[in-house]
Amino acid sequence: MLKERIANTAKMLKYYLKHINWTKRKQIALIILIISVFFFIFLLSRGNSGDAATFTVQSQKYEEKIVAVGQLQLAKETTLISEVSGEILTIGAEEGDIISADSIIISINDSDQNFQLEQKKASYVNAEASYQYLVDFDYASAKQELVSQTSKKEQTQKSYESAGSLYQEGALSQIDFLEYKSDYEAALAAWNTARLKVQSLEEGGSLRSSAGAQLQSAKTSYEGALNDQKKYQITVPWNSVLLKTYVSEHDYIQPGEPLAEIGQAGSYHVITELDEKYFPYLEKGMKAMISLGDSGNRNGAEGIVDVISPKINNETGTFEVTIAIPAEFRYQASDLTVNVEIMVIEKKNAIVIPEDYLIEGDSYVYLYQNGKAVKAEVKYENGLSSKLLITEGLKDGDIIIMPDAPIQDGNTVKINKGDGAS
């Protein structure tokens, strides 16, 4: 309206200056008059903004989502590698099967290993029997022998000492005395032999230590053979899903060759990378819809935001989010690309306005009341889109005015009915 008035006035000025032959002084006076009219029109325009764009407030369902793609992964995955060479005898599972922990899924021919295992087992059994015989029988017998030899030594020692006294008195011949002495020395030697044997057989003794070392060596060898045999029976370390097999029955494999890939059963989750601008909006526990392909949520499952990584990738400006999904999600495949929709805001009845209806740099809007623009304070939350979620200050049916430059608090405004209805 203001522009039209100014344009009309300018046309009038141009007409008069062109068609009326006035003196220069009169022309200057007329220009001053026209400028005054312009100023007067401007003053009038401040009290009447004319037609204004509006928006009618109406409660509505409001959602804001972060849309991304992610990868379906397992919490733990590993590749089973052969440590031995041999022919694949059996494969006890198919790709996609769930396998209990410690179950055998691949068997390798171990006929040579079985022969070595039996030999080492026999050596171990013999060594264990020998050690137990030494401890339970030899040691006990040696102790009994030592008791017997101690008694003989003590008896012959007394007889030898008595014979010595008689020999000194001349009551015993030298031949008889030497016989007593010989008996004592023989008993002493037998006692020392028995004592040394007991010492060698008791805990820490040389014979027991030697037998113990032989037993330990045989045991280590046997356990090594057992471990080697286990290398021919490929088991899973935890409840697993068989992701991929690299071999078939009757294949001949070498050490270092991959046999199968497994993942931890029941641990599927989705990993997605999001722009760092979304970091302030995410919270653990938010709902996230996971779906496959272009079929939307028809084949989807509802998960929840489980882990929000606080580490921002400096190169990509992204951060990682882990989404837990229900075990019954149909499409469980490692590294499967899926669609992700994280629900940031979800309200059944919300008041939402376009952000350009907010007075710039302020928390106010212009309400249309009784033909005038009335400045009103509002409280709001910024969303991901160009809309504001109003939490206080507006209600259904309120009409707010676009804050164009001519609009000020208290201005009279004209609006079109239905203009800007939400």
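The values are calculated or read from the model by the stated rules, or taken from the named source; none is laboratory data. As the structure is a computational prediction, the values presented were derived from the model and not from experiment. All Cβ positions, even for glycine, are placed from backbone atoms using ideal geometry, and neighbour counts span all protein chains on display.
Summary of computed values
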{"item": "Only listed residue being in a loop (DSSP other than H, G, I, E, B) and among the β-branched types (Val, Ile, Thr), chosen from 400, 359", "result": "359"}
{"item": "In region 256-280, residue surrounded by the fewest Cβ atoms within 10 Å (Cβ to Cβ) [restricted to those that are of a type in the set (Phe, Trp, Tyr) and part of a helix (DSSP H, G or I)]", "result": "279"}
{"item": "Some residue of region 305-320 being at pLDDT below 90, assigned to a loop (DSSP other than H, G, I, E, B) and more than 30 Å from residue 55 (Cβ to Cβ)", "result": "no"}
{"item": "Conditions (1) touching a Leu at 6+ places or on another chain (Cβ under 7 Å); (2) free of Cβ contacts under 8 Å to residues at least 24 places away in the same chain; number of the one not met by residue 260", "result": "(2)"}
{"item": "For residue 147: the one exception among (1) outside the structural domain of residue 259 (by TED's automatic domain parsing); (2) surrounded by 13 or more Cβ atoms within 10 Å (Cβ to Cβ); (3) of a type in the set (A, V, I, L, M)", "result": "(2)"}
{"item": "Unique residue being under 30 Å from residue 116 (Cβ atoms) and polar (S, T, N, Q) when the list is 132, 199, 157", "result": "132"}
{"item": "Identity of the residue in region 221-255, part of a loop (DSSP other than H, G, I, E, B) and surrounded by 20 or more Cβ atoms within 10 Å (Cβ to Cβ), that ends up modelled with the lowest pLDDT", "result": "232"}
{"item": "Filter result (farther than 13 Å from residue 80 by Cα and either in contact with a helix residue (DSSP H, G or I) (Cβ under 7 Å, 6 or more places away or on another chain) or polar (S, T, N, Q) (or both)) within region 229-253", "result": "229, 239, 248"}
{"item": "Given (1) surrounded by 15 or more Cβ atoms within 10 Å (Cβ to Cβ); (2) free of Cβ contacts under 8 Å to residues at least 60 places away in the same chain; (3) within 30 Å of residue 328 (Cα to Cα); (4) not hydrophobic (A, V, I, L, M, F, W, C), index of the condition residue 200 fails", "result": "(3)"}
{"item": "Candidate set from region 159-173 (those that are in a helix (DSSP H, G or I) and either surrounded by 12 or more Cβ atoms within 10 Å (Cβ to Cβ) or touching a helix residue (DSSP H, G or I) at 6+ places or on another chain (Cβ under 7 Å) (or both)); member that is modelled with the lowest pLDDT", "result": "167"}
{"item": "Given (1) outside any helix (DSSP H, G or I); (2) modelled with pLDDT of 95 or more, number of the condition residue 204 does not satisfy", "result": "(2)"}
{"item": "Conditions (1) closer than 30 Å to residue 213 by Cβ; (2) part of a loop (DSSP other than H, G, I, E, B); (3) among the hydrophobic types (A, V, I, L, M, F, W, C); number of the one not met by residue 140", "result": "(2)"}
{"item": "Residue match in region 103-120 (condition: within 30 Å of residue 266 (Cβ to Cβ) and in a loop (DSSP other than H, G, I, E, B))", "result": "yes"}
{"item": "When residues of region 356-382 are limited to those that are of a type in the set (Ser, Thr, Tyr) and over 45 Å from the mean Cα position of the chain (by Cα), the one surrounded by the most Cβ atoms within 10 Å (Cβ to Cβ)", "result": "366"}
{"item": "Some residue of region 340-353 being outside any strand (DSSP E or B) and either surrounded by fewer than 17 Cβ atoms within 10 Å (Cβ to Cβ) or out of contact with any Lys or Arg (no Cβ under 6 Å at 6 or more places or on another chain) (or both)", "result": "no"}
{"item": "Residue within region 232-252 that is farther than 30 Å from residue 334 by Cβ and either among the hydrophobic types (A, V, I, L, M, F, W, C) or touching a strand residue (DSSP E or B) at 6+ places or on another chain (Cβ under 9 Å) (or both) present", "result": "no"}
